[in-house]
Amino acid sequence: MTAQSGSPSFENRSADWLGLEEAQSRIFGQASPLEAHRISIAESVGHALAEQLIATATLPPWDNSAMDGYAVRAEDIERASRGKPAKLTVIGVVRAGQPTAVDIGPRQAVRIMTGAPIPRGADTVIRVEDTDAEADPGVVRILESRDRGRHIRAAGQDMLEGESLLPPGHSITPGTTGLLAAAGCETVLVYRRPTVGILTTGDELRRANRYEDVRAGRGIPDSNGPMLAAMTRAAGGIAVDLGIAGDTPEDLMQRIRAGMEWDVLLTIGGASMGDADLVKRVLDDLAFHQDFWRVRMRPGSPFSFGWLPDGEDRQPVFGLPGNPASAFVTFEVFVRPFLLALAGHRRTLRRCVTCRSGDTFRAPAQLTHFQRVALSDSPHGVVASVTGSQGSGLVSGLARADGLAVIPEGVEVIEPGGEVEVMLLDDAPGGSTYDTASRGGSS
């Protein structure tokens with residue numbers, strides 16, 4: 001894409017105050033998958049397929065036994081019972097991985113292991129516990145007929161040669177690697193992970209090596225840098241630490257220029273219009289094109305999105321607010337889906353579930369609110385309760401959050417017991433048991 005210009009200067013720029021859906025649409029519509037490369041399937045978890053996976057063999061290649069037991073003809077055991085067992089002659093043994101040339105005739109059986117091919121003529125496998133396990137060598141007595149016609153896995157039940165198994169954009173999970181291995185793949189074509197430069201700003205910020213300043217009241221912890229790096233990695237991106245920029249144009253310019261080599265640039269802080277909020281001024285000096293600034297949401301309204309020219313292309317730049325909860329929410333709502341789309345994933349949005357409210361949720365009607373909630377089970381369904389104070393500058397509630405309760409624009413209050421939609425975060429306890437009705441799928 002060619003670079004764009006013509007944005008109003010910092011001083012003349014007014015807030016756009018976009019609705020949530022319009023802001024998401026304008027961001028997500030700009031995301032195209034990065035280039036593809038081939039890697040080993042052992043390294044592929046978390047990537048997205050960049051090719052269609054086609055079966056090159058039929059699996060299972062033959063009808064095979066679903067358990068250890070005896071392959072028989074159903075008609076020979078039709079009335080078998082413990083009082084009147086069916087007596088069959090055992091004519092051989094078949095193990096998994098062994099071909100069989102055995103044909104079963106009337107009143108005959110073959111001892112068979114799980115996965116072994118079914119002998120010709122057999123249409124049933126009787127489990128060992130329903131037999132006398134050949135108390136007389138060479139003869140087996142069938143004590144139950146409940147499994148007539150059962151325990152045979154048909155050839156091709158898993159896949160047929162030439163069949164499409166997975167589409168491009170499928171997110172590779174450990175289960176996917178099992179399928180890739182079963183399909184005979186040693187390597188797989190995947191989209192490249194995006195690189196993300198992360199720049200926090202502010203003279204007041206301190207990393208752990210200067211935490212004594214925090215204890216003495218001379219600074220505040222930089223929780224955003226490590227948090228957003230972790231969120232980037234969890235979204236499949238590669239986080240690049242650009243450090244903490246001081247409140248000078250020179251330091252900001254140097255660090256932003258260093259961040260322009262990566263696929264995406266995140267700036268945290270300096271998102272408003274105060275005299276000390278220098279990020280936009282420095283971006284303007286680099287021919288930044290702002291798509292929009294401010295969204296009708298809380299926390300995170302002073303969020304921005306735009307582009308820096310990068311030769312013949314352009315670099316997406318996300319301006320996140322400096323308050324930790326605001327940075328967290330805007331990353332989840334805007335940045336994470338964008339990174340997943342760059343990495344080629346078809347499903348980029350978090351799964352949403354409908355829960356019962358455990359608290360009163362209040363929100364100004366003109367904003368979409370995201371409140372940090374913990375989830376618990378109850379006889380009436382899953383209950384969402386706030387993790388504590390919802391101040392945007394607070395961090396501890398983020399660690400306890402299983403999800404973000406979404407109170408849409410136009411809704412002022414949800415009373416306890418009412419329905420509230422919750423966007424699940426990673427590893428929500430019991431999440432697999434919840435109603436999986438989704439607003440946009442999961443990654």
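The values are calculated or read from the model by the stated rules, or taken from the named source; none is laboratory data. In this text, all values refer to a predicted model and were calculated from it rather than measured experimentally. Methodologically, a virtual Cβ is constructed for each residue, glycine included, from the backbone with ideal geometry; neighbour enumeration extends over all protein chains shown.
Quick notes on this structure:
- Exclusive hit being crowded, with 20+ Cβ neighbours inside 10 Å and in contact with a strand residue (DSSP E or B) (Cβ under 6 Å, 6 or more places away or on another chain), set Val333, Val264: Val264
- Candidates Pro309, Pro299: the one that is closer than 29 Å to Leu404 by Cβ, not polar (S, T, N, Q) and not assigned by TED's automatic domain parsing to the domain that holds Ile172 is Pro299.
- Within the stretch 178-188, the set of residues being of a type outside the set (Asp, Glu) and surrounded by fewer than 18 Cβ atoms within 10 Å (Cβ to Cβ) comprises Gly178, Ala181, Ala182, Gly184, Cys185, Thr187.
- Selection from the stretch 356-397 of residues that are surrounded by fewer than 17 Cβ atoms within 10 Å (Cβ to Cβ) and aliphatic (A, V, I, L, M): Ala365, Leu394, Val395
- Some residue of the stretch 99-118 being in contact with a Leu (Cβ under 7 Å, 6 or more places away or on another chain), surrounded by 16 or more Cβ atoms within 10 Å (Cβ to Cβ) and either among the β-branched types (Val, Ile, Thr) or assigned by TED's automatic domain parsing to the domain that holds Arg79 (or both): yes
- Within the stretch 277-384, strands (runs of 3 or more DSSP E) holding 2 or more residues that are under 24 Å from the mean Cα position of the chain (by Cα): 313-320, 352-357, 368-378
- If you check Asp247, Asp241, Asp213, Asp222 for being closer than 23 Å to Gly393 by Cα and buried (at least 19 other Cβ atoms within 10 Å of the Cβ), only one passes: Asp222.
- Subset tally (residues that are under 17 Å from the mean Cα position of the chain (by Cα) and in a loop (DSSP other than H, G, I, E, B)) for the stretch 402-429: 6
- Selection count where residues are farther than 13 Å from Gly92 by Cα and in a strand (DSSP E or B), scope the stretch 118-132: 5
- Taking the stretch 27-116 and the strands (runs of 3 or more DSSP E) fully enclosed by it, no element has 3 or more residues that are in contact with a helix residue (DSSP H, G or I) (Cβ under 6 Å, 6 or more places away or on another chain) and free of Cβ contacts under 8 Å to residues at least 60 places away in the same chain.
- Candidate set: the stretch 1-21, residues that are modelled with pLDDT of 95 or more and closer than 28 Å to Thr195 by Cβ; chosen: the one farthest from the chain's Cα centre (by Cα): Leu18
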